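Here the structure is laid out as C-alpha cells; the discussion comes afterwards.
The values are calculated or read from the model by the stated rules, or taken from the named source; none is laboratory data. Fair warning: this is a prediction, and the values are worked out from it, not measured in the lab. Reconstructed Cβ throughout: ideal geometry from the backbone, glycine too, with neighbour counts over all protein chains shown. Please note that ligands, DNA and RNA were not included when accessible areas were found on the heavy atoms of the full protein model with its side chains. Shrake-Rupley method; radii C 1.70, N 1.55, O 1.52, S 1.80 Å.
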Amino acid sequence: MSEAVRPLKDASAALIDELCAIVGEKHVLIDAADMAGYLIDWTRQFSGDAIAVVRPSRTDEVSRIVKLCGSAGVCIVPQGGNTGLAGGGIPSSVTPSIVLSLSRMNTIRHFDEAGRTVVAEAGVVLEALQAYVDERELFFPLMFGAKGSCSIGGTLATNAGGSNVVRYGNTRELCLGLEAVLPDGSVFNGLTGLRKDNTGYDLKDLLIGSEGTLGIITAAVFRLFPKPLTRVTAFLSMTSVDAAVQALNRIQDRTGQSVEAFEYVPAPVLGAVEKAFPELRSPLEGPVETGVLLEVGSSRVSDAKADDTGSTHLATELLLVLEEMMESGDLLDAAIATSEQQRSDLWRMRESVLEAILEYGASYHFDISLPLANISWFLQEMDEMAAALGFETLTIGHLGDGNLHYALVCSDRERWQTLPLGRAKEKAFELLRRLNGSFSAEHGIGQSKLDVMRALKEPAQLDAMRAIKRALDPEGIMNPGRLVPLAE
C-alpha cells in the first residue's frame, strides 16, 4: 500500500490493504473529501460514515469483498446512483461499514433480439440502458425524473416505480432474472431470461425490493417492448379526482389499454411550479380543477396511420372519448401536444414538481398508495385535517396506479417548526390504514420509515421478514438497520 492510502483507523489498515488488493488502490476511497458524496443522500437528510468506499468492477470482486468483510465483521452498504429518497443507501455513523459502490459495473453484457431481453450490470445508468435499447428499435419503459443518474441496481433494490407503471408495472415486473452476491459471498446466477421457471422459491423476487439487506444485485435481465410508433400527450382539467379515475378507465377501454402515464397535477402544484420556474406555464388558459397529464402510446401500425387531416387513429380515438367526457361535464378543458417540444414541456412541468415543492418552503413528503376508489376520500379528509392543523398541502401522484406523493408544506420555514407534524403524520397513517392504503409506495423504507414500519406493518409479516433476514444474513452484515426494523 502506498503512502497516499491513509486508513481512517489503525484497526482498519489490514482491511484496507486487502480491499486494495482486490479492486486496486484508486478504487478504495478513504479520504473524507473523496468519500463525501457517497455518505450523504440526495435529500441531504441522511448522512453517515464509512471505513472506505470500495468500487469493484466485476462480480468476482464483489464476492471477494463480501467474504473479506464478513470475516472481519465489517458491514456492507451497497450503493447505486445514490438517488434514493429514504436513506437506504447511506451507512450509519455507529456500525463499522464500507460503502460498496457499483458505479464501475456499468457494462451491458448481452442483447437478445429474438427474446427481446437485455442483460445489464447494476451500475448501468437507466438513461444509458434506454438509449442502448432505443438504438435497437425497442423500448425499456421504466421512467422517472432521476433516469439520468439512477442505476439499474438501485431501481431493482428499491423496486422503483415511476410514471409508466400504469401500463408496464414496477421494476419487478420488468425483470426476468438476477445475478447477485449473497451475504456469504456466494454468487447466485439467475440470468437465464426465462419467462417460465417454476423450480422452487423465487430468490429473484425476494432480492428485488430488499434494499441490499439480503444480498448485492450485480446484474439483471430485463424484458423489452416494441417501440411505440405513435404517442399522444395531453393535459386535462377534470372536475374531480373521481371523474379523473373514471376517465382513466374510459380511455383505457377506448384505446386498448394504451395509457402509458396518468399523472395527477392539481392547481396548487401548478402554481408552485410556475412560481419556481416562470418559464413553465400551464398549457390551459383557464383555471385547472383536477389536472391530469395523460400519455397514450401504441406500437400498432394501424394506430399510427394518419387520416386525411393528419391525425393518427390513436389520436382520433382519444379525441372522441375526450369529447364525450366534455359533453358529460366531467372534462372541463384539454390541451393536446402537437409537437415533440410541447410534449417535452408538459413532461418538464411534471418532473419539476419536487424541486418546486422544495423551493416553496418547509415540507414533509408522504409516498403512499391507495385503491383508486379511495383516493378522493383520502384527499378530502387529509386536506381538511391538514388545514385544521395549520399546514398547506401540495400533492402530485401517479394516479393511474394509485400512488400519491402527498406533501405537507409551509411557506414560512420558521412557522413550520411550531406546527404539529407528528399529529399530522399519525392522522395520515390512521386514514391510510382505514382506506386499505400503504405508507410506502415506491421510494422504499430505508431508514426514514423504520418507525412507521414497526408500528403499521402486520406483526406476522415483520416476523417473517426478520426470519428471512436471519436465514440469509446470519451475521447481519448486509445494510444493517435498513428496511427491516429490529424486534423490540
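Expressed as a fraction of 2.2 N^0.38 Å, the C-alpha radius of gyration for the range 215-334 is 1.25. Based on protein heavy atoms only, the chain ends up with 45 Å² per residue of surface accessible to a 1.4 Å probe.
Every helix of 4 or more DSSP H residues in the chain counts as -39500 (n - 2.57), and over all residues that averages to -10500 deg cm²/dmol at 222 nm. Our coupling estimate for the range 412-429, obtained by passing each phi through the Karplus curve with A = 6.51, B = -1.76, C = 1.60 and θ = phi - 60°, is 8, 5, 6, 5, 3, 5, 9, 7, x, 4, x, 5, 5, 5, 4, 5, 4, 5 Hz, Gly and Pro reported as x. Less than 5 angstrom separates the built amide H of Gly81 from those of Ser151, Gly154, all sequence-distant by 5 or more or on a different chain.
In terms of overall dimensions, the C-alpha atoms belonging to the chain reach 74, 60, 44 Å along their principal axes, ordered largest to smallest.
When you count the other C-beta atoms within 10 angstrom of each residue and take the mean per peptide, 330-336, 76-82, 208-214 line up highest first as 76-82, 208-214, 330-336. For the peptides 440-447, 474-481, residues were scored by their other Cβ atoms within 10 Å and the scores averaged per peptide; the highest-first order is 440-447, 474-481. Here Lys305 is the anchor, and the lysines within straight C-alpha reach of less than 29 Å, apart from those fewer than 8 places off in the same chain, are Lys227.
Subtracting the Cα-Cα distance of Gln342 and Asn198 from their residue separation scaled by 0.36 nm leaves 47.2 nm.
For the range 358-420, which whole-number percentage of the solvent-accessible area (1.4 Å probe, protein heavy atoms only) is attributable to carbon and sulfur atoms?
Summing carbon and sulfur atoms, their accessible area is 49 percent of the total for the range 358-420.
Relative to the longest principal Cα axis of the chain, at what angle does helix 375-388 sit, 0 to 90 degrees, rounded to 10? Roughly 80 degrees between the two axes. Per-residue packing, averaged as other Cβ atoms within 10 Å, sorts the ranges 217-229, 243-255 into the order 217-229, 243-255, beginning with the highest.
Put simply, the C-alpha atoms of the range 1-133 give a gyration tensor, and the ellipsoid matching it has half-axes of 28, 18, 12 Å, longest first. Between the Cα long axis of helix 241-255 and the first principal axis of the chain there is an angle of about 90°, rounded to the nearest 10. Whole-Hz Karplus values for the range 18-31 come out as 6, 5, 4, 5, 7, 10, x, 4, 6, 9, 10, 8, 10, 6 Hz, taken residue by residue from phi with 6.51 cos²θ - 1.76 cosθ + 1.60 and θ = phi - 60°; glycine and proline positions read x. Phi angles of the range 154-161 translate, via the Karplus equation with coefficients 6.51, -1.76, 1.60 and θ = phi - 60°, into HN-Hα couplings of x, 5, 6, 4, 9, 6, 4, x Hz per residue; Gly and Pro are given as x.
Across all directions, the average projected area of the convex hull around the alpha carbons of the range 191-252 is 8.3 nm². Within the same chain, lysines fewer than 8 places from Lys469 are excluded, and of the rest, those with a Cα less than 21 Å from its Cα are Lys67, Lys204, Lys449, Lys457. With all pairs of different C-alpha atoms in the average, the Kirkwood value for the hydrodynamic radius of the range 77-172 is 14.2 Å.
To the nearest Å, what is the center-to-center distance of the range 385-401 and the range 201-257, using C-alpha atoms only? Centre-to-centre (Cα) distance: 23 Å.
Could you tell me the distance between the Cα centroids of the range 423-488 and the range 139-182, to the nearest Å? What the calculation gives is 21 Å, centre to centre.
Near Ala464: Cβ cut-off under 14 Å, other residues only, Lys/Arg at +1 and Asp/Glu at -1. The net charge is +2.
With charges set only on the Cβ (+1 for Lys and Arg, -1 for Asp and Glu), what does the dipole of the chain come to about its Cα centre, in debye to the nearest 20?
1180 debye
Cβ under 12 Å from Glu430's Cβ, Glu430 left aside: what net charge do those residues give with Lys, Arg +1 and Asp, Glu -1? Residues near Glu430 contribute +3 overall.
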